[in-house]
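The values are calculated or read from the model by the stated rules, or taken from the named source; none is laboratory data. All values reported here derive from a predicted model rather than from experimental measurement. Don't worry about glycine lacking a Cβ; one is built from the backbone with ideal geometry, like all the others, and counts go over all protein chains shown. Just so you know, the surface numbers come from the protein's heavy atoms only, side chains and all, with ligands and any DNA or RNA stripped out. Shrake-Rupley method; radii C 1.70, N 1.55, O 1.52, S 1.80 Å.
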Amino acid sequence: LRIEPHQRVAAYAVVVADGALLLTQLAPRTGAAGRWNLPGGGIDPGEAPVDAVVREVAEETGQVVDDVQLVDVMTQHWVGRSVRGLEDYHAVRLLHTARCAAPTRPVVHDVGGSTSDARWVPLEDLSSVEVVASVPVALRAVGLA
């Protein structure tokens, strides 16, 4: 049995404003429904990673960000069963920081996508939300953990 390998390159951002971290809740169609993640997602063909961060943050949270800076490249590879069946999956996550100069109440514009909710979570309350494994790694990479 040969499993076709799949690689996904995505761009995510750590966005902190007024002592709170911007997080997105993963929708039921994902493999981690209900858990919280950094805003971000797949880079479109020909799209610059910085542009993907700005677009994804806007789609998933309604926030406008700028000063996007690459911080780290996180990779994860697994072979096994998932909600999609047998898979050989390689996730490449380009981790950025971004500035939100005028934070507002988050609104999910990409309805029906991978995000069901978004919110600003005070840094001191992060332990009260269930995050995906990449979030603590990302926070360490930017010096927040």
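Here are a few things to note about the model shown:
- Only listed residue being within 14 Å of the chain's Cα centre (by Cα) and surrounded by 17 or more Cβ atoms within 10 Å (Cβ to Cβ), chosen from Val131, Val137: Val131
- Residue satisfying all of: in region 1-21; among the β-branched types (Val, Ile, Thr) and at pLDDT 95 or above; farthest from Arg140 (Cα to Cα) among these: Val9
- Scanning region 22-37 for residues that are over 15 Å from Pro136 (Cα atoms), at pLDDT 85 or above and among the polar types (S, T, N, Q) turns up just one, Gln25.
- The set of residues from region 1-31 being assigned to a loop (DSSP other than H, G, I, E, B), of a type in the set (A, V, I, L, M) and buried (at least 17 other Cβ atoms within 10 Å of the Cβ) comprises just one member, Ala27.
- For region 59-89, a tally of residues being over 16 Å from the mean Cα position of the chain (by Cα) and either of a type outside the set (D, E, K, R) or closer than 20 Å to Asp117 by Cβ (or both) returns 9.
- Scanning region 91-114 for residues that are at pLDDT below 95 and either of a type in the set (A, V, I, L, M, F, W, C) or in a strand (DSSP E or B) (or both) gives Ala91, Val111.
- Here region 60-104 is the region considered, the condition is being free of Cβ contacts under 8 Å to residues at least 40 places away in the same chain and closer than 17 Å to Leu38 by Cα, and the residue that is least open to solvent (accessible area, probe 1.4 Å) is Asp66.
- Only one of the numbered conditions (1) outside any loop (DSSP other than H, G, I, E, B); (2) at pLDDT 95 or above is violated by Gly46, and that is (1).
- Taken over region 20-42, the criterion of being within 14 Å of Asp110 (Cβ to Cβ), under 13 Å from the mean Cα position of the chain (by Cα) and not aliphatic (A, V, I, L, M) is satisfied by Thr24, Gln25, Thr30, Asn37, Pro39, Gly40, Gly41, Gly42.
- The lone criterion from (1) more than 19 Å from Val108 (Cβ to Cβ); (2) over 14 Å from the mean Cα position of the chain (by Cα) left unmet by Ala17 is number (1).
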